[in-house]
């Protein structure tokens, strides 16, 4: 019996020596700093190879393949086995994005495989459609409450209150449409290829720029003026009392938000009609902008 226990213990020790993460991965004090010159931090532990927790997106992000043949791999690195192949223009669902140990951004697909991010473009057309539908559907429910208040003989606010409240839900800081969230597209750590107006765009855009453009576009669609859209964006970012007073009462938009943010919001707002919207409560699409400002589609 003692010999059997000793033999079993020797096997466990051998396994731990050959692959320490097999037993101790959960106990690892993870470190994600691979010493990149870019200053970016990896999402893969330098000690045990575990993927950083908390990077999963709050919903499936729409992307579309932008090359004739695009492969998905078992792990987020070029040396990993190919598990699937996609043709140009295939719509894919992304559940997370992560930076590997070589400082490259990868997309985690809904089936658990990984695709190098440069091989796909963020599908803005689909994102804008989804954002509009959700804003309108939520506003409709809130407007229904307005109607019930009216029927009860009580004073009811205009239905626009439902739109404004719905916009606040989706576009607030860290809200579902705040694309610069770390678990969605991130702030300025990566420039995405973009698919908009039914075609691939030449320029690349950060999550921060895309979030502002999407916000401006949806504001225009739901009937919010450009001035009000810029003012509300600034207030949502937490303007100080002095800037808020100048922004709201003196109508000095330069005090409402950062110059780049205003430029991207304006671009999104001005491109209300170039997508697929038929001015109904359903779908719209389109946008442009840039991480560094200027340009667009």
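No value in this document is a laboratory result; all are computed from the given coordinates. Since the structure is predicted, the reported quantities are computational estimates derived from the model, not experimental observations. Here the Cβ positions follow ideal geometry from the backbone for every residue, glycine too, while neighbour counts run over all protein chains shown.
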Using a Förster radius of 41 Å, what is the FRET efficiency between residue 37 and residue 140 based on their Cβ-Cβ separation? Nearest 0.05, please. 0.20
Cα centroid of segment 123-140 to Cα centroid of segment 22-78, whole Å: 29
Starting from a Cα-only point model with no solvent, please compute log10 I(q)/I(0) by Debye for segment 30-94 at q = 0.15, 0.22 1/Å. -0.68, -1.07
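Determine the shape class of segment 164-240: with a ≥ b ≥ c the square roots of the Cα gyration tensor eigenvalues, call it rounded for a/c under 1.5, and otherwise prolate if a/b is greater than b/c, oblate otherwise. Don't skip to the answer; put the middle values down first.
Working: a/c = 2.07, a/b = 1.39, b/c = 1.48.
Oblate, since a/c reaches 1.5 and b/c is not below a/b.
Over segment 34-110, what is the mean sequence separation of C-alpha contacts under 8 Å (at least six apart), divided by residue count, expressed as relative contact order in percent? Can you show the working numbers first?
On the way: 131 pairs, mean separation 24.9, N = 77.
Relative contact order comes out at 32 percent.
Between residue 103 and residue 251, what FRET efficiency comes out of the Förster formula 1/(1 + (r/R0)^6) with R0 = 35 Å and r the beta carbon distance, rounded to 0.05? Intermediate results must be reported in sequence, preceding the final value.
Working: r = 45 Å, r/R0 = 1.28.
The pair residue 251/residue 103 has a calculated efficiency of 0.20.
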How much length is gained on full extension from residue 111 to residue 82, taking 0.36 nm per residue of separation minus their Cα-Cα distance? 9.1 nm
Would you mind calculating the relative contact order of segment 74-139 from Cα pairs under 8 angstrom and at least 6 residues apart, reporting the percent as a whole number? 25
Multiplying the sequence separation of residue 52 and residue 69 by 0.36 nm and subtracting their Cα-Cα distance, what value in nm do you get? 3.2 nm
